[in-house]
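Take a look at the structure below.
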Amino acid sequence: MLLDVNILLALTWDQHIHHHAAHERFAELENWSTCPISEAGLLRLLLTEQVVGRQVSGSEALGQLEAIRRVQGWSFLTDSVSLAEPVIDTRVLMGRRQVTDLQLVNVAAANDTKVATFDAALRTSLMPEDQHLVNVWSA
């Protein structure tokens, strides 16, 4: 299961609205993954004071990332696929806000796994044949 940025943030930041729900669902996983997109997104959010409510140093944010990577069951998925030659159907691409989500699903599909997210709109934004690639966690 490839965890999206919001799930990673919910797991690492105890003030996140879905912190407890994320930990409950995460405990059910035997294996889980991050990738360059999800890791960079987590760092970006941790370094955004308006998101976490305080200034976080680069070393602290990287420490959070390093800590979550040490949790049992973790693996790293390389981002070796492109939306120029996608594994998923990209006819749904209509705007800039979809690009990262589509690439995340593309990476998951290329690695024969699914994306875990709190964002139900991600699943419904995909073509029907790709919707099985998204596992929506409820809060």
Checklist outcome for this item: Selection from the range 6-16 of residues in a helix (DSSP H, G or I) and out of contact with any strand residue (DSSP E or B) (no Cβ under 9 Å at 6 or more places or on another chain) yields Leu9, Ala10, Thr12
Checklist outcome for this item: Pairs returned, first residue in the range 21-33 that is under 12 Å from Leu3 (Cβ atoms) and among the aromatic types (Phe, Trp, Tyr), second residue that is modelled with pLDDT of 95 or more and part of a loop (DSSP other than H, G, I, E, B), beta-carbon separation under 7 angstrom, 6 or more apart or interchain, are Trp32/Met1; Trp32/Gly73
Next on the checklist: Under 7 Å between Cβ atoms, which residue pairs at least 6 apart in sequence (or on different chains) link something in the range 89-109 that is closer than 22 Å to Met1 by Cβ with a partner that is part of a helix (DSSP H, G or I) and charged (D, E, K, R)?
Outcome noted: Asp89/Glu129; Asp89/Asp130; Val105/Asp130
Checklist entry - Do we find that Ala116 is assigned to a helix (DSSP H, G or I) and among the small types (Gly, Ala, Ser) in this structure? => result no
Item to check | Exclusive hit being of a type outside the set (Ser, Thr, Tyr), in a helix (DSSP H, G or I), over 22 Å from His23 (Cα atoms) and more than 13 Å from the chain's Cα centre (by Cα), set Gln98, Gln64 | outcome: Gln98
Next on the checklist: If I go through the range 17-55 residue by residue, how many of them are crowded, with 20+ Cβ neighbours inside 10 Å and either part of a loop (DSSP other than H, G, I, E, B) or at positive phi (or both)?
Outcome noted: 1
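The values are calculated or read from the model by the stated rules, or taken from the named source; none is laboratory data. Model, not experiment: these values are computed from the prediction. FYI the Cβ positions are ideal-geometry reconstructions off the backbone, even for glycines, and counts take in every protein chain you see.
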